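A.B. asks: Handing you a structure now.
FYI, it's all coordinate maths here, none of it is from the lab. All values derive from a computational prediction rather than experimental measurement. Cβ sites come from the backbone with ideal geometry, for glycine too, and all protein chains shown count toward neighbours.
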Amino acid sequence: MTDYYKLSLELLRTILLENQYNFWANWMTEDIENWEKNQNTEHHLRAYGGMGSFNDVVIGNQDSEGLWQGRIFGMLQSLAYGLASGNALEDIFSRINSASTQISGWRCQDCGAARINAIDIERFVCANILPQLFINHLKDNKLAKVLDTNKLLSSEEVSNKKATIEQLLRRASIEIASDNNWLWTCPKCGSSKVCSYRWEIINNETTIIESDDNLEINKP
Ligand SMILES: [Zn+2]
């Protein structure tokens, strides 16, 4: 049987080394040794909590690849932490697999114009595809595969999902911005009353509705 705990520690260490987090990579090495020697997870659990702890490690830049890398790292942390705490694999899976339906963007409070940045579409697609993919790969004993983010990003599943979301946004007259910049003024009416805004994508990605925690829009 696969030793998922050891596997998650090894993958965490690989990512940490790639990102020059040598301190934490060495920490994982010690965790692996403790596990192999006497099945002890206490040192790993000590990595979490408090300032400058293992939870604060940031992986990936603010681009699409970085987004996926950061999320994979977070899921590996959840897996390692959950197993170290003695949680059942299925419980950890259901925690990892709580996909979000929310997507963020911008809205002009004066004219109602709406815009979503490309990176937020990416974030939505990643949040919706990656958890199940992670779990499937883990079950098939191919978890090391998810570290290949380049391959993931160019997969058919990812590009199809992205295309579906983009089509849905266009139908809802939400502009898609190719840049990932902060929006200061409305591109339609020039108003500076632009606010961040949230929507929910529901019914198998066929419907987009406004979240109920948004600022009021004074449409003309
Ligand atoms: Zn406007």
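A.B. asks: Which peptide among 54-66, 78-90 comes first, and what is the full order, when sorted by highest mean count of other Cβ atoms within 10 Å?
C.D. replies: Going from most to least packed, we get 78-90, 54-66.
A.B. asks: For the stretch 1-96, what is the charge dipole size about the Cα centre, in debye to the nearest 20, if Lys and Arg each add +1 at the Cβ and Asp and Glu each add -1 at the Cβ? Don't jump to the answer; show the numbers that get you there.
C.D. replies: Details: 6 positive and 13 negative charges, 26 e Å.
Magnitude of the dipole: close to 120 debye.
A.B. asks: Would you compute the Debye intensity of the stretch 102-219 from its alpha-carbon atoms alone, equal scatterers and no solvent, and pass along log10 I(q)/I(0) at q = 0.19, 0.23 Å⁻¹ to two decimals?
C.D. replies: Summing over Cα pairs of the stretch 102-219 leads to -1.00, -1.29.
A.B. asks: Taking +1 at the Cβ of each Lys and Arg and -1 at the Cβ of each Asp and Glu, which of Tyr81, Ile96, Gly50 sits farthest along the dipole of the stretch 1-96 towards its positive end, judged by Cα position relative to the Cα centre?
C.D. replies: The Cα lying farthest towards the positive end belongs to Gly50.
A.B. asks: Note down the relative contact order for the chain as a percent, whole number, built from C-alpha pairs under 8 angstrom at least six residues apart.
C.D. replies: This gives 20 percent for the chain.
A.B. asks: Further question: State the number of lysine pairs found in the chain whose Cα atoms come within less than 18 Å, restricting to pairs 8 or more positions apart or on distinct chains.
C.D. replies: Taking the chain as the scope, the lysine pair count is 9.
A.B. asks: What residue among Met51, Met75, Met28 has the largest mean-square fluctuation in a Gaussian network model of the chain, using Cα springs under 10 Å?
C.D. replies: Taking springs between Cα atoms under 10 Å, the residue moving most is Met51.
A.B. asks: Can you tell me the order of 139-145, 30-36 when each peptide is scored by its average per-residue count of other Cβ atoms within 10 angstrom, highest first?
C.D. replies: 30-36, 139-145
A.B. asks: If you put +1 on each Lys and Arg Cβ and -1 on each Asp and Glu Cβ, how big is the dipole of the chain around its Cα centre, in Debye rounded to 20?
C.D. replies: 480 debye
A.B. asks: Something else about it: Using the Cα gyration tensor of the stretch 176-218, with a ≥ b ≥ c the square roots of its eigenvalues, what is the shape: rounded (a/c below 1.5), prolate (a/b larger than b/c) or oblate (neither)?
C.D. replies: It is oblate, given that a/c is not under 1.5 and a/b is not larger than b/c.
A.B. asks: What ranking, highest mean first, results for peptides 118-127, 190-199, 37-46, 98-107 when packing means the other Cβ atoms within 10 Å averaged over each residue?
C.D. replies: Top of the packing list down: 118-127, 98-107, 190-199, 37-46.
A.B. asks: Could you tell me the relative contact order of the stretch 1-96? Use alpha-carbon pairs under 8 Å, at least six residues apart, and round to a whole percent.
C.D. replies: 27 percent
A.B. asks: Now a separate question. When only Cα pairs under 8 Å and 6 or more residues apart are kept, what is the percent relative contact order across the stretch 97-220?
C.D. replies: 41 percent
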